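First comes the structure, then the notes that go with it.
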Amino acid sequence: MKRIIDARVYNNHIKTQGVQFQIDHYYQPKEISMVRRVNVVLRELAPKQGEKILDAGCGVGTFAYHAAQIGSFSFGIDYSYESIKMALKLNTKFNTSERSYFLVGNACILPFKNSFFDKVVTIDFIEHITFKDKKFFLEEIYRVLKPGGTAVIFTPNAIREKIGDIYWKCRHLIFRNKIPTTDLHFGLINRFQFEPLLKKNKFSFKLIYEDITRPYLASLPLIKHVLSLNLLWVLKKM
């Protein structure tokens, strides 16, 4: 039976991981891959002082925090109560609570006015929602962005993930290694599935291939499309 993914799954993760884990992985990352994750997103988001920025599906509020550090007014929304509770705690700890606001809610039905935000960032989120919800989500991003506003979407590359599945199955057959599994990435997509949705929602966009674990893979001509771990879309509201 397929596992039901809801907020309780994420709530349990946050409770189990604790505060220091979130700091070490997201707020002041120690692993080089997590440092790269923050840097490649901030490079394209380019938050500026006074801008209003939404971190949609924010988890523990990673990019709301980093934007607030720079001087933006950041907002985070996530349906996991424990994630939002953690975000509030950490932004208080790091003295960004006066410029960061968090709420529990559905990122596919945003409780904000039209053209409210200068920028939207959504990181490692769309792989956790259905294709139908992706349509709603893009419509909502378009609605809440100001004309000319930017949205940054970062997500695993479905093609690379499928190759990874084959690799681990082979290792299991040969070496009896345990196959890594997750129920959470049920909404993985590739560029050919996602870009028609962007066009339908009247976004102009560019796609950047990234790999936070082995960056050289994202620079290899042709094969970067299948070997890059991450897809980074930068959208513009026309």
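Where a number appears in this text, it was derived from the coordinates with a stated rule and is not lab data. Since the model is a prediction, treat every value here as computed from it, not as a measurement. So basically every Cβ, Gly included, is an ideal-geometry build from the backbone, and we count neighbours across all protein chains shown.
Using the Cβ atoms and a cut-off under 10 Å, what net charge is assigned to the surroundings of A218, where Lys and Arg are +1 and Asp and Glu are -1?
Details: positive: R214, K224; negative: E210, D211.
Local net charge: 0.
What range in the chain is the longest one free of trypsin sites (Lys or Arg not before Pro) that are in a loop by DSSP and have at most 15 other Cβ atoms within 10 angstrom?
Numbers: sites that count: K2, R3, K30, K48, K113, R176, K178, K202.
Answer - 49-112.
Less than 5 angstrom separates the built amide H of F102 from those of G76, all sequence-distant by 5 or more or on a different chain. Taken one residue at a time, the phi angles of segment 89-105 give Karplus couplings (6.51, -1.76, 1.60, θ = phi - 60°) of 4, 6, 6, 5, 4, 9, 6, 10, 5, 6, 10, 10, 10, 10, 8, 7, x Hz. Gly and Pro are set to x.
Send over the per residue convex hull volume for the chain, Cα only, as a whole number of Å³.
Numbers: hull volume 32.2 nm³, N = 238.
Convex hull volume per residue, Cα atoms: 135 Å³.
Using θ = phi - 60° in the Karplus curve 6.51 cos²θ - 1.76 cosθ + 1.60, the 3J(HN,Hα) couplings for segment 207-223 round to 10, 10, 8, 10, 8, 7, 9, 9, x, 4, 5, 7, 10, 7, x, 6, 6 Hz; x is entered for Gly and Pro. Applying the Karplus relation 6.51 cos²θ - 1.76 cosθ + 1.60 with θ = phi - 60° to segment 13-18 yields 3J(HN,Hα) values of 4, 5, 4, 5, 6, x Hz, where x marks Gly and Pro. Only the Cβ atoms of Lys and Arg (+1) and of Asp and Glu (-1) were treated as charged; on that basis the dipole of the chain about its Cα centre amounts to roughly 400 debye.
Taking the chain as a Gaussian network, Cα atoms linked when under 10 Å apart, which of T150, T16, T62 shows the biggest mean-square fluctuation? Greatest mean-square fluctuation among the candidates belongs to T16. Each of Y216, V104, T150 was scored by the projection of its Cα onto the charge dipole of the chain, and the greatest displacement toward the positive side belongs to Y216; charges sit on the C-beta of Lys, Arg, Asp and Glu. Electrostatic bookkeeping for A158 treats Lys and Arg as +1 and Asp and Glu as -1; over the other residues with beta carbon under 10 Å from its beta carbon, the sum is +1.
With 0.36 nm allotted per residue and the present C-alpha distance subtracted, the K146-R8 stretch has 46.3 nm of extension available. Quick one: net charge around T92, please, counting Lys, Arg +1 and Asp, Glu -1 for every other residue with C-beta under 14 Å from its C-beta. Every neighbour counted, the sum reads +3.
Each Cα pair under 8 Å and six or more residues apart adds its sequence gap; the mean of these over the residue count of the chain is a relative contact order of 17 percent. Note on K206: lysines with a C-alpha under 23 Å away, same-chain residues under 8 apart excluded, are K48, K52, K119, K132, K134, K135, K146, K224, K236, K237. Take the Cβ atoms of M34 and C170, set R0 to 45 Å, and the FRET efficiency comes out at 0.95. Computed per residue of the chain from DSSP H runs no shorter than four, each worth -39500 (n - 2.57), the mean residue ellipticity at 222 nm is -13000 deg cm²/dmol.
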